[in-house]
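The values are calculated or read from the model by the stated rules, or taken from the named source; none is laboratory data. In this text the structure is predicted, and so the values were computed from the model without any measurement. In this analysis, Cβ positions are derived from the backbone assuming ideal geometry, glycine residues included, and neighbour counts consider all displayed protein chains.
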Amino acid sequence: MSSERLLADEKRLLNCTAVDVNQLMPIKYQWAWEHYLNGCANHWIPNEVAMQADISLWKSDKLTSEEKKLIIRSCGFFSTAESLVATNLVLALYKSITNAECRQYLLRQAFEEAIHTHTFLYVCESLNLDSREIFNMYREIPSVKDKDTFQIENTRDMLQEDFSTETFEGTQKFLENLIAYYIVLEGIFFYGGFAMILSFRRQNRMQGIGQLYEFILRDETIHLNFGIDLINGIKEENPKVWTPSFQNHIYDLIQEGVRLESAFIYDSLPKPIFGLDPHQLEIYIQYLADRRLQRIGLKSRYHVDNPLTWMSETIDLLKEKNFFETTVTEYRPSGELLWD
């Protein structure tokens, strides 16, 4: 075979040395390319969303201090968490992935993380919030700091110059990172935050922020599905690393994520607010954890039903896998995305 020819079956997600990682075609991992195309079709920027009604409501006396605190806490967590994801993608994941179509998606996701960080600055400016308080919350609020520290610890080894997935331990560490970020951060922490803010939108309040979170949710759904496909693909290509002891470690990792998110929930929402109950939200997080475990080939741990049935209109997790079979059919500067 000519050294200039590239066969799809020569491609690998990790440790591929037989082919040029910069050569996109032929595509082997069609799921990665489809996620990239879905991300491109879902393009938006925060400035397209009108915030005047939110500004008026925020300045009025119609929001309680507890309701404002919940919004501020949510923005504070997301503002830094989105940057953590971007750092992980650019500095840790990209250098280890040896597949062009997956790298293409990682570049798209990194751009979307920048858009999400921009979004929380836009919210701060619109509502005249203290941006220092919002963007520094990961240092000052323990329940936020603990979640961010959890993610940073799962990146530290991969940022070392001598990190490599060519070893058994390196591949396991890479999988651990993917699960910590895609499953725990984006698949559990973020979805808890979505529920908090979408509860306002459900009450026809803070519609601008609600729309921004819905757009972020659409991005995150693709991020989560890509991450799960990537995790399962690496498992398939490296079955020896998926040992019983490593699986137990993953259970512990996700359980710790659920614990940290529960602490954040009770700190941000100590009592029910217009139907959003902290105990129900905690059970919802456990429900999410079981769903994520199942999708990476592990058994459920919590065995609970979804207590937030109203969430099904926007993030119906039972249909999560097929969420993006619909496509954006028209792009409008107003930010209104039309779906088939």
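Evaluation of residue 220 against the conditions (1) in contact with a Leu (Cβ under 6 Å, 6 or more places away or on another chain); (2) closer than 17 Å to residue 151 by Cβ shows that the sole unmet condition is (1). Can you say whether residue 119 is in contact (Cβ under 8 Å) with a residue 40 or more places away in the chain, part of a loop (DSSP other than H, G, I, E, B) and within 17 Å of the chain's Cα centre (by Cα), as far as the supplied structure shows? When the stated conditions are applied, residue 119 does not pass them. Just one of (1) under 29 Å from residue 43 (Cβ atoms); (2) free of Cβ contacts under 8 Å to residues at least 24 places away in the same chain; (3) not charged (D, E, K, R) fails for residue 208. It is (2).
Suppose the filter is under 19 Å from residue 193 (Cα atoms), in contact (Cβ under 8 Å) with a residue 60 or more places away in the chain, in a helix (DSSP H, G or I) and within 16 Å of the chain's Cα centre (by Cα); does residue 150 pass it?
Taking the combined requirement at face value, the residue satisfies it.
Of a type in the set (A, V, I, L, M, F, W, C), out of contact with any helix residue (DSSP H, G or I) (no Cβ under 6 Å at 6 or more places or on another chain) and modelled with pLDDT under 95: is that true of residue 92 in this structure? No, not satisfied. Candidates are the residues of segment 122-132 that are part of a helix (DSSP H, G or I) and surrounded by fewer than 16 Cβ atoms within 10 Å (Cβ to Cβ); the one that is modelled with the highest pLDDT is 125. Residues that are modelled with pLDDT of 80 or more, in a loop (DSSP other than H, G, I, E, B) and not aliphatic (A, V, I, L, M) were ranked within segment 14-48; the one that is farthest from the chain's Cα centre (by Cα) is 26.
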